[in-house]
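In what follows, a structure is listed as structure tokens, so that the remarks can point back to it.
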Amino acid sequence: MLLREVEYARPATVDEAISLLGSHDGARPLAGGQTLVNVMKQRAAAPDVLVDLADLDELRSIGFSSDGMLEIGAMVTYAQLEGSSEVDVARPILAEVAATIADVQVRNRGTIGGNVCVSDPTNHFPPLLAALDATFTIRGSGGERTISADEFFVGVYLTAVGEGELLTTVNVPPSSGAGDGFAGLTIGAHGTYIVNAAATVSSDGARVAIGCVAATPVRATAMEERLAGGDYSEESVRAAADGLGASLDPPADVHGSADFRRHLAEVSAVRAALQAAGRRK
Ligand SMILES: Cc1cc2nc3c(=O)[nH]c(=O)nc-3n(C[C@H](O)[C@H](O)[C@H](O)COP(=O)(O)OP(=O)(O)OC[C@H]3O[C@@H](n4cnc5c(N)ncnc54)[C@H](O)[C@@H]3O)c2cc1C
């Protein structure tokens, strides 16, 4: 199906983009277009104005803040993450996960900002960034704020980015000796996840987040608490995940029942935690 008629703007600066978004009720940012253009073709979204972020070089960089945070511009593509020496030094799991998304075309066009702003519960990055304790910087005409993953992901296709605002940066703490893991079950190779889990293990303890089981990533806090003693043997990690599935209320669809998803959540969380602890590839 062809797109319906839509106005198009290509601002040169972030301020100009924010001004355009704020001055048109039906304006929407366009990043890689890998989700937005498809839903527009299906008439599931019908913005009046597309504000293309393609020329905003300040959103395309990857660097470090003065306190060592990995700062990833919202327009950084998955392919950029895969090839970034900064990501490789600070948090290679970001590149490893980016490399498994869909196909080369999606990875060349799709952006980390678009991935989280669309807040699709089956996307790869929401649980990963929740487990990594990432923060999100949002800019609007009233200024800038930085919020946690818990505050950022609000619901299915809903985030804390308001009308007239842009996500500018995803900030990820450096690993500082932490290990990271990501596991799950996809529909076919490089397909959409049925359930996924991300984990990070450091001297501060474990953070585990489950994707695809609710509107937003779910932190496995009981599992995290049971791992607080620092025993990451397979037996201990399995015991820590026991009951995780029962605490979830996942959806059922043609790809799996709610019970199957509960089971997958436990298996994925164990695998992600063991990988983060260096006990599994
Ligand atoms: C065939 C196919 C398979 C896919 N499989 C997967 C998969 O398995 N896992 C996965 O994670 N993803 C998958 N995707 C989705 C892909 O990762 C998209 O790239 C991603 O969901 C959106 O990123 P984008 O840059 O293309 O954003 P766009 O489609 O351009 O935008 C998505 C939404 O975010 C908003 N937005 C974008 N950037 C900003 C910003 N900086 N500030 C505020 N709002 C913004 C847009 O207005 C829009 O509402 C798949 C896509 C395709 C086409």
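If the condition is being among the acidic types (Asp, Glu) and modelled with pLDDT of 95 or more, then region 172-211 contributes only Asp180.
Taking the conditions (1) surrounded by fewer than 22 Cβ atoms within 10 Å (Cβ to Cβ); (2) over 20 Å from Asp133 (Cβ atoms); (3) out of contact with any Pro (no Cβ under 6 Å at 6 or more places or on another chain) in turn, Leu264 satisfies each one other than (1). You will find that of Glu163, Glu151, the residue that is assigned to a helix (DSSP H, G or I) and more than 10 Å from the ligand (Cβ to nearest atom) is Glu151 and no other.
Looking across region 122-133 at every residue that is closer than 21 Å to Gly162 by Cβ and more than 9 Å from the ligand (Cβ to nearest atom), the one that is surrounded by the fewest Cβ atoms within 10 Å (Cβ to Cβ) is identified as Ala130.
Quick one: Leu94 ticks every box in (1) out of contact with any Leu (no Cβ under 9 Å at 6 or more places or on another chain); (2) touching a residue at least 60 places away in the same chain (Cβ under 8 Å) bar one, so which box is it? Going through (1) out of contact with any Leu (no Cβ under 9 Å at 6 or more places or on another chain); (2) touching a residue at least 60 places away in the same chain (Cβ under 8 Å) one by one, Leu94 breaks only (1).
Considering Gly181, Gly191, which residue is part of a strand (DSSP E or B) and under 20 Å from Thr122 (Cβ atoms)?
Exactly one of Gly181, Gly191 is part of a strand (DSSP E or B) and under 20 Å from Thr122 (Cβ atoms), namely Gly181.
Within region 17-36, can one find any residue that is hydrophobic (A, V, I, L, M, F, W, C), within 17 Å of Met75 (Cβ to Cβ) and surrounded by fewer than 16 Cβ atoms within 10 Å (Cβ to Cβ)? Among the residues of region 17-36, not one is hydrophobic (A, V, I, L, M, F, W, C), within 17 Å of Met75 (Cβ to Cβ) and surrounded by fewer than 16 Cβ atoms within 10 Å (Cβ to Cβ), which makes the answer no.
So that you can scan it fast, the table gives a plain yes or no per residue for (1) surrounded by 14 or more Cβ atoms within 10 Å (Cβ to Cβ); (2) touching a helix residue (DSSP H, G or I) at 6+ places or on another chain (Cβ under 8 Å); (3) under 29 Å from Val118 (Cα atoms):
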| site | (1), (2), (3) |
| --- | --- |
| Leu167 | yes, yes, yes |
| Pro173 | yes, no, yes |
| Ala183 | yes, yes, yes |
| Ser203 | no, no, no |
| Gly211 | yes, yes, yes |
| Thr216 | yes, yes, yes |
| Ala220 | yes, yes, yes |
| Leu227 | yes, yes, no |
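In the set (1) within 11 Å of the ligand (Cβ to nearest atom); (2) hydroxyl-bearing (Ser, Thr, Tyr); (3) more than 22 Å from the chain's Cα centre (by Cα), Thr35 fails one condition alone, (3). The numbered conditions (1) surrounded by fewer than 17 Cβ atoms within 10 Å (Cβ to Cβ); (2) near the ligand (Cβ under 10 Å from one of its atoms) are all true for Phe136 except (1). Of the residues Gln80, Gln105, the single one that is at pLDDT 95 or above and either under 13 Å from Arg60 (Cβ atoms) or of a type in the set (Val, Ile, Thr) (or both) is Gln80.
The values are calculated or read from the model by the stated rules, or taken from the named source; none is laboratory data. Remember, it's a predicted structure, so these values are computed and weren't measured experimentally. Note that we place each Cβ from the backbone using ideal geometry, even for glycine, and neighbour counts take in every protein chain shown.
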